[in-house]
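Below is one structure, written out as structure tokens; the observations come after it.
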Amino acid sequence: MRGKYVVFEGIDGSGKSTICTNIAKELQKCGFKVLTVAEPSKSDIGQLLRKYLKSSLVDQKTLALLFAADSYDIQTKFSEEYDYILSDRNYFSTVAYQMMEVDECWLFELHRYLKNPDIMFYLNVSVDNALERIKLRDKNKELFENRESLLKIKKNYDLLFTEITDLKTKIIDTNTYSISEIEHMVLSELHKNFN
């Protein structure tokens, strides 16, 4: 695969979708061919996942298996025609979210045949700021969009990003910087690493 696989990770409300979309537009303005993907996807698997995420009565192993299936399905769309593949989440989200109730090693094993990102940006936000953003954008909260869950998930992300040593990662504090400053940092990092 020619395209550089760039992933944006973080808890709900961290700004992943906005930044991923804006970075894609900037790269396209520069003449790059860009594929943007999101997890969960808009496929049948992704729609099933979104339905489950509205319910509080879902088994976390089942959810993890569905997310894994969605991730594998998404990666079938990767091809050499793209210069960049930008993803709003990847399987690290599944691990961070489901490891509250599911074994972390099993979760990583589910995803072992997936392509790893060339670079991953962890958008680190406080739970209070994330909840404020969630409240502004959507009245229909999903399963994990509450203080108790987000505190646990943030702790899992923070742990994962201290454990990851074999992947290129960049942690950006989204409490401190504006969206435009974060986008500038991301573009600078992409330029430094891939151009």
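Quote the FRET efficiency, to the nearest 0.05, computed for Glu148 versus Lys115 with a Förster distance R0 of 45 Å and r equal to the Cβ-Cβ distance.
Numbers: r = 33 Å, r/R0 = 0.74.
The formula returns an efficiency of 0.85 here.
Measuring with a 1.4 Å probe in the full set of protein chains, what accessible area per residue, in whole Å², belongs to segment 146-195? Walk me through the intermediate numbers first.
Values: 3080 Å² over 50 residues.
I get 62 Å² per residue for segment 146-195.
Just to verify a number: what accessible area does Glu39 come out at with the full protein assembly present, 1.4 Å probe, Å² rounded to tens?
10 Å²
Roughly speaking, what is the stretch gain from Thr165 to Cys30, that is 0.36 nm per residue apart minus the C-alpha to C-alpha distance, in nm to one decimal? Before the final figure, lay out each step's value.
Details: separation 135, 0.36 × 135 = 48.60 nm, distance 3.15 nm.
Contour length minus the Cα-Cα distance gives 45.5 nm.
Could you check how much of the accessible area of the chain is carbon and sulfur, as a whole percent, using a 1.4 Å probe?
Carbon and sulfur together cover 50 percent of it.
With Kirkwood's inverse mean 1/r over C-alpha pairs for Rh, give me the Rg to Rh ratio of the chain, two decimals please. It would help to have the intermediate numbers written out before the result.
On the way: Rg = 16.0 Å, Rh = 17.1 Å.
Rg/Rh: 0.94.
When the dipole is taken about the Cα centre of the chain, and only Lys, Arg (+1) and Asp, Glu (-1) are charged at their Cβ, what size is it in debye, to the nearest 20? Please report the intermediate quantities before stating the final value.
Working: 27 positive and 30 negative charges, 98 e Å.
My answer is approximately 460 debye.
Considering the chain as a Gaussian network with a 10 Å cut-off on Cα pairs, which listed residue, Leu49, Leu27, Leu123, attains the greatest mean-square fluctuation?
Leu27
Given the options Gly31, Gly46, Gly13, state which has the largest fluctuation in a GNM of the chain using a 10 Å cut-off (strictly under) for Cα springs.
In this elastic network of the chain, the residue with the biggest mean-square fluctuation among Gly31, Gly46, Gly13 is Gly31.
Taking the mean number of other Cβ atoms within 10 Å as a proxy for protection, how do you rank 160-171, 68-79 from highest to lowest? Please list the in-between numbers first.
Numbers: 160-171: 12.8, 68-79: 16.9.
Packing order, densest peptide first, comes out as 68-79, 160-171.
The values are calculated or read from the model by the stated rules, or taken from the named source; none is laboratory data. Treat the numbers as computed from the prediction; the structure is a model and nothing was measured. Counting neighbours? That spans all protein chains shown, and the Cβs are built from the backbone with ideal geometry, glycine included. These area figures cover heavy atoms from the full protein model, side chains too; ligands, DNA and RNA do not enter into them. Shrake-Rupley method; radii C 1.70, N 1.55, O 1.52, S 1.80 Å.
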